[in-house]
Amino acid sequence: MKKYIQIAFLFTSLSLTACGSSSGGSSGTGASGTLSAGFAVNCASCHGANGGGGRGPALGGNVGSLSSFTATVRSGRGSMPSISSSSYSDTDLQADYNALK
Ligand code: HEC
């Protein structure tokens, strides 16, 4: 009995890792410059390691003005959560804006 439970658990964790990250994702462009470490932590899971898109849209050349970029990040948009300056600093935000615009 115990063994079956362990095997079931193993399967669950395997399938979770399997569909984890297919980073870089779909089409669309990524950043032309280097993205911050904050981007890797806060954004890459949805927008791809290079901002090329995934669950969220590709960001290269698609960030609009600095103020709309800031508003999207700080307030969230659609299914994107808001991300505060305590986890993603203004410095990282500004640097990533420049790399993506
Ligand atoms: C949980 C997934 C997720 C995370 C994490 C996330 N985003 Fe998003 N992002 C989205 C989705 C989904 C959209 C599309 C929202 C919509 O328009 O409905 C989006 C939209 C955007 C847009 C607008 C793009 C456009 O087409 O106008 C920008 C800019 C953006 N995200 C930047 C960021 C940045 C920078 C971070 C990290 C600080 C981040 N996102 C983190 C999912 C995410």
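The values are calculated or read from the model by the stated rules, or taken from the named source; none is laboratory data. This one's a predicted model, so the numbers in the text were calculated from it and none came from an experiment. Positions of Cβ are backbone-derived with ideal geometry, glycine not excepted, and every protein chain shown enters the neighbour counts.
At a glance:
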| quantity | calculated |
| --- | --- |
| Total residues in the stretch 62-76, condition closer than 17 Å to Gly30 by Cβ, assigned to a loop (DSSP other than H, G, I, E, B) and at pLDDT 95 or above | 2 |
| Residues satisfying the stated conditions in the stretch 40-56, i.e. surrounded by fewer than 15 Cβ atoms within 10 Å (Cβ to Cβ) and of a type outside the set (A, V, I, L, M, F, W, C) | Arg55 |
| Residue selected from the stretch 77-91 under the condition within 8 Å of the ligand (Cβ to nearest atom) and either among the hydrophobic types (A, V, I, L, M, F, W, C) or not in a loop (DSSP other than H, G, I, E, B) (or both), by the criterion surrounded by the fewest Cβ atoms within 10 Å (Cβ to Cβ) | Arg77 |
| Whichever residue in the stretch 58-69 is surrounded by fewer than 16 Cβ atoms within 10 Å (Cβ to Cβ) and within 9 Å of the ligand (Cβ to nearest atom) and, among such residues, is nearest to Phe39 (Cα to Cα) | Asn62 |
